[in-house]
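Asker: The structure follows.
The values are calculated or read from the model by the stated rules, or taken from the named source; none is laboratory data. These numbers were taken from a predicted model, which means no experiment stands behind them. Reconstructed Cβ throughout: ideal geometry from the backbone, glycine too, with neighbour counts over all protein chains shown.
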Amino acid sequence: MHEFKYKKNKFYCENVPLELLAEEFKTPLYVYSHKTLVDHFRKIKLAFSEFKPLICYSVKSNANLNILRILIREGAGLDVVSGGELYKALKAQVKPSKIVFASVGKTDEEIREALKADILFFNVESVPELENINRIAKKFKKKANVAIRVNPDVDAKTHEYITTSKKENKFGIDLKVAKEIFSSTDKYEYLNLNGIHLHIGSQITTAKPYKDALKKIITFIKANKIRLDYINLGGGLGIIYDDEKPQTAESFAKAIAPLLRKIKARLILEPGRFIVGNSGALVAKVLYVKDAPTKTFVITDTAMNDLMRPALYKAFHAIVLLEKSKSYFKKLVDIVGPVCETGDFLGKSRKFHKVKSGGFLVVLGAGAYGFSMSSNYNARPRAAEVLVKGNKYYLIRKRETYQDLIATDVKVKGI
């Protein structure tokens, strides 16, 4: 599953003890396993090998340039959702022909930059967006490839904030409107309407929602005699955070392969969490242990600005000590940060190993939507990031400084 484990009571990433990294680089600290990252990419590539897919890693899950470069060397394309992600993708030197651009709100500038780069295609989410890309492409005198993101009204059975394919969600185009688009392609002189995009949500643990969505799409394609070059299944494969039993890449591919065989088009996948989620961990230092009348609080130097998922989704992350212990608190403990919000916690009501001030904790499964969702709330500099490869390790992002916090503020005379 991943390369974070105990060895002789010390917690390691691959062959490097995390205590060593915490002492050298301080905390909060994101640590990534090269082997886990690559293994998970290869798993999904192998599982779908029959279809020779283009696997476009979802940049939003973790956009560190070194993570991107590792996956590009493995053959990955990139799924971007903003001009900033497009910029980073090009800096990471992915081939533009392996970039797909999603987002419900692409600006004119973002569309222009993508057209200049000559990306593979846009995932389009509304008729006004379609018309706007056509207008801008006309100025460039070039045709843009477009995949229509359809909303099949399927419940992905995941957290309400990360389900994206129900009719009340902002994402995608309903099938009735999609039919009108495909039946009037001549209206879009500068667009190749040659793909369908289908992203139904995130942290999905069974194949059923995908099968339900694909069945609707196959019926739609056949009924309207649509010819496609690409079918983009999006991402969303779940991982283990707690007691989930998510499908493996192999079982997922096996479950939907019969349906994919009915669609004569190049398969594109956009995994993010599946590849990078369990590849990363967040190391925190214990500042205080506070005994309150009803519970014990373990107060760390790591907060909701470093890892937003527990506060935003009430998400569970396994948390372990850097040094294994058999002694336990008598009470359940809340593991919290120093930010001035009651919602600032890493874990609640945990039966936890006894820990003292100065000790270290590790939050697992933090590789996806960990650093990428972090912020400077409470004027807290963002964490450093380190990559471990075997018995070697590399700083891949410097810790922000207080000077960084004010670097873009503008001093105005007379104020």
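Asker: Given the condition closer than 30 Å to Arg382 by Cβ and assigned by TED's automatic domain parsing to the domain that holds Leu175, answer yes or no: does some residue in segment 147-158 qualify?
Answerer: Checked segment 147-158: at least one residue is closer than 30 Å to Arg382 by Cβ and assigned by TED's automatic domain parsing to the domain that holds Leu175.
Asker: So, of the residues in segment 168-208 that are closer than 23 Å to Leu269 by Cβ and among the basic types (Lys, Arg), which turns out to be modelled with the lowest pLDDT?
Answerer: Among them, the one singled out is Lys170.
Asker: Sticking with this structure for a sec: Please work out which residue is farthest from Ile335 (Cα to Cα), limiting yourself to segment 356-371 and to residues that are among the aliphatic types (A, V, I, L, M) and surrounded by 24 or more Cβ atoms within 10 Å (Cβ to Cβ).
Answerer: The selected residue is Ala368.
Asker: Do we have any residue at all in segment 27-40 that's closer than 13 Å to Val386 by Cβ, surrounded by fewer than 19 Cβ atoms within 10 Å (Cβ to Cβ) and in the same structural domain as Phe360 (by TED's automatic domain parsing)?
Answerer: No - not one qualifying residue is present in segment 27-40.
Asker: Now for a different question. Out of segment 350-387, which residues are under 16 Å from the mean Cα position of the chain (by Cα) and aliphatic (A, V, I, L, M)?
Answerer: Hits for segment 350-387 are Leu364, Ala366, Ala368, Met373.
Asker: A further question on this structure: Please return the ranges of strands (runs of 3 or more DSSP E) entirely within segment 9-90 where 2 or more residues are closer than 30 Å to Gly358 by Cβ and modelled with pLDDT of 95 or more.
Answerer: 10-13, 29-33
Asker: Moving on to the next point. Can you tell me which residues in segment 276-314 are out of contact with any Asp or Glu (no Cβ under 8 Å at 6 or more places or on another chain), closer than 15 Å to Asp344 by Cα, crowded, with 24+ Cβ neighbours inside 10 Å and β-branched (Val, Ile, Thr)?
Answerer: Thr300, Thr302
Asker: Report the residue count in segment 52-71 for those that are surrounded by fewer than 19 Cβ atoms within 10 Å (Cβ to Cβ) and either out of contact with any Asp or Glu (no Cβ under 9 Å at 6 or more places or on another chain) or small (Gly, Ala, Ser) (or both).
Answerer: The number of residues fulfilling the criteria is 3.
Asker: Mind checking which pairs have a first residue in segment 195-215 that is outside the structural domain of Ala249 (by TED's automatic domain parsing) and a second that is at pLDDT below 80 and of a type in the set (Phe, Trp, Tyr), Cβ under 9 Å, 6 or more apart or different chains?
Answerer: Filtered contacts from segment 195-215: no entries.
Asker: Name the one entry in Ala303, Ala257 that is of a type in the set (Gly, Ala, Ser), out of contact with any Cys (no Cβ under 9 Å at 6 or more places or on another chain) and over 28 Å from Leu21 (Cα atoms).
Answerer: Step by step, each of Ala303, Ala257 is checked, and only Ala257 is of a type in the set (Gly, Ala, Ser), out of contact with any Cys (no Cβ under 9 Å at 6 or more places or on another chain) and over 28 Å from Leu21 (Cα atoms).
Asker: Leu115 is checked against (1) part of a loop (DSSP other than H, G, I, E, B); (2) modelled with pLDDT of 95 or more and fails just one. What number does that condition carry?
Answerer: Of (1) part of a loop (DSSP other than H, G, I, E, B); (2) modelled with pLDDT of 95 or more, only one is false for Leu115: (1).
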